[in-house]
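Q: The structure under discussion is supplied below as structure tokens; questions concerning it will follow.
The values are calculated or read from the model by the stated rules, or taken from the named source; none is laboratory data. Quick caveat, the model's predicted, so the values are computed rather than measured. So basically every Cβ, Gly included, is an ideal-geometry build from the backbone, and we count neighbours across all protein chains shown. When the accessible area is computed, the model is the full protein with side chains, heavy atoms only, and any ligands, DNA or RNA have been set aside. Shrake-Rupley method; radii C 1.70, N 1.55, O 1.52, S 1.80 Å.
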Amino acid sequence: VPIKPSELQRQLTHKFKFVPAKNRSSDHQWLELQLPGIVTIRTKLSHSKAELRARLLGIIARELRVNSAYLNEMVVCTKGQDEYYEHLKTAPVSYGGM
Amino acid sequence: VNGASVRYHDAFGLRDTYPMSVEQSGESSVSVGLDAVPDIHSAPLILLGRLDDSLALKGPLALFLEEDGDGGFIVSDLPLGVYGEGPNATSALKDYKSALADFFYLVVDKRNASPEDAEYFRLVTRYLDFSR
């Protein structure tokens, strides 16, 4: 399913309750999700206005600690907030491959 | 290192001389930061040295440059999951470096938010930290 950055932002903020991060530069927009017991999830919004290509979608999915298929489902609404939050409790955190 | 350029070899055997920033950081050490790369389809890159006036990498950070399939380029790293994008490889790299600095400051700002964020901060600082 083609996903535009604006749609992804809309879903993350409205459905999954991500909030804009207070980053120091104005070059990028970041969204964060802080939940008890897990590392803060953060993702950088793409500058692009076009649909997200598979590679970039994969990178963003990793930031959100899901895979691309799961991210697609988050956007098309077959994965909801409760399911995503539950997923985060067990999803592995990338600690730099350490 | 030869003047202001470095001969670069990548894993695919590509060899060329690209403009680099070279910064003398002590009598016996030199840090090198990528400033520009050609628009090749995909290539591993190594980023070293300072990100800006206050941040520096603690060691080499492996990056990957690739086309995004829409005429643009993406630079990303595996360890931290940060990416940059742009219409050409050089702008994607610049965007990546800026995003990495943003990412670090966000991690710093949240380091006391939870024990998990404190641990994450500690791990991120194995890759980059405030420079002196």
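Q: Say we look at segment B:100-119 and pick out the residues that are over 24 Å from A:Ser26 (Cα atoms) and outside any loop (DSSP other than H, G, I, E, B); which of these is most open to solvent (accessible area, probe 1.4 Å)?
A: Applying the filter and picking the extreme gives B:Pro115.
Q: If I ask for residues that are open to solvent by 60 Å² or more (accessible area, probe 1.4 Å), within 14 Å of chain B (Cβ to nearest Cβ), over 17 Å from B:Gly84 (Cα atoms) and charged (D, E, K, R), which ones from segment A:5-32 would you list?
A: Once the filter is applied, which keeps residues that are open to solvent by 60 Å² or more (accessible area, probe 1.4 Å), within 14 Å of chain B (Cβ to nearest Cβ), over 17 Å from B:Gly84 (Cα atoms) and charged (D, E, K, R), segment A:5-32 yields only A:Lys22.
Q: Please go through segment A:55-86 and give me each residue that is open to solvent by less than 60 Å² (accessible area, probe 1.4 Å), under 19 Å from A:Val19 (Cα atoms), in contact (Cβ under 8 Å) with a residue 12 or more places away in the chain and assigned to a helix (DSSP H, G or I), ordered by number.
A: Hits for segment A:55-86 are A:Ile60, A:Glu63, A:Leu71, A:Met74, A:Val75, A:Gln81, A:Tyr84, A:Tyr85.
Q: Which residues, counting only those in segment B:81-96, are surrounded by 21 or more Cβ atoms within 10 Å (Cβ to Cβ) and closer than 21 Å to B:Pro60 by Cβ?
A: Going through segment B:81-96, the residues surrounded by 21 or more Cβ atoms within 10 Å (Cβ to Cβ) turn out to be B:82-85, B:89, B:92-93, B:95-96.
Within segment B:81-96, B:Val82, B:Tyr83, B:Gly84, B:Ala89, B:Ala92, B:Leu93, B:Asp95, B:Tyr96 qualify.
Q: Taking into account only those residues within segment A:49-91 that are more than 14 Å from the chain's Cα centre (by Cα) and within 12 Å of chain B (Cβ to nearest Cβ), which is modelled with the highest pLDDT?
A: Result: A:Lys89.
Q: Could you please let me know if B:Leu78 is open to solvent by less than 50 Å² (accessible area, probe 1.4 Å), free of Cβ contacts under 8 Å to residues at least 24 places away in the same chain and either more than 26 Å from A:Lys89 (Cβ to Cβ) or within 7 Å of chain A (Cβ to nearest Cβ) (or both)? Explain how you work it out, then say what you get.
A: Details: open to solvent by less than 50 Å² (accessible area, probe 1.4 Å): no; free of Cβ contacts under 8 Å to residues at least 24 places away in the same chain: yes; either more than 26 Å from A:Lys89 (Cβ to Cβ) or within 7 Å of chain A (Cβ to nearest Cβ) (or both): yes.
When the stated conditions are applied, B:Leu78 does not pass them.
Q: Among the residues of segment B:28-55 satisfying the criterion of being in contact with a helix residue (DSSP H, G or I) (Cβ under 9 Å, 6 or more places away or on another chain) and open to solvent by 50 Å² or more (accessible area, probe 1.4 Å), which is modelled with the highest pLDDT?
A: Our first condition is that a residue be in contact with a helix residue (DSSP H, G or I) (Cβ under 9 Å, 6 or more places away or on another chain); within segment B:28-55, this holds for B:33-40, B:43, B:45, B:47, B:51-52, B:54-55.
Subset that is open to solvent by 50 Å² or more (accessible area, probe 1.4 Å): B:35, B:39, B:52.
Details: B:Asp35: 62, B:Asp39: 62, B:Asp52: 85.
The residue in question is B:Asp52.
Q: Those residues that are surrounded by 15 or more Cβ atoms within 10 Å (Cβ to Cβ) and hydrophobic (A, V, I, L, M, F, W, C), I need them from segment A:40-54; list them, please.
A: A:Ile41, A:Leu45, A:Leu52
Q: On to the next question. Is it true that A:Ser46 is out of contact with any strand residue (DSSP E or B) (no Cβ under 9 Å at 6 or more places or on another chain), part of a loop (DSSP other than H, G, I, E, B) and within 7 Å of chain B (Cβ to nearest Cβ)?
A: Numbers: out of contact with any strand residue (DSSP E or B) (no Cβ under 9 Å at 6 or more places or on another chain): no; part of a loop (DSSP other than H, G, I, E, B): yes; within 7 Å of chain B (Cβ to nearest Cβ): yes.
For A:Ser46, the condition - out of contact with any strand residue (DSSP E or B) (no Cβ under 9 Å at 6 or more places or on another chain), part of a loop (DSSP other than H, G, I, E, B) and within 7 Å of chain B (Cβ to nearest Cβ) - is not met.
Q: Looking at the structure I just gave you, is B:Asn88 away from chain A (no Cβ under 11 Å) and within 20 Å of A:Glu32 (Cβ to Cβ)? Walk me through how you get there before you give the answer.
A: Numbers: away from chain A (no Cβ under 11 Å): yes; within 20 Å of A:Glu32 (Cβ to Cβ): no.
For B:Asn88, the condition - away from chain A (no Cβ under 11 Å) and within 20 Å of A:Glu32 (Cβ to Cβ) - is not met.
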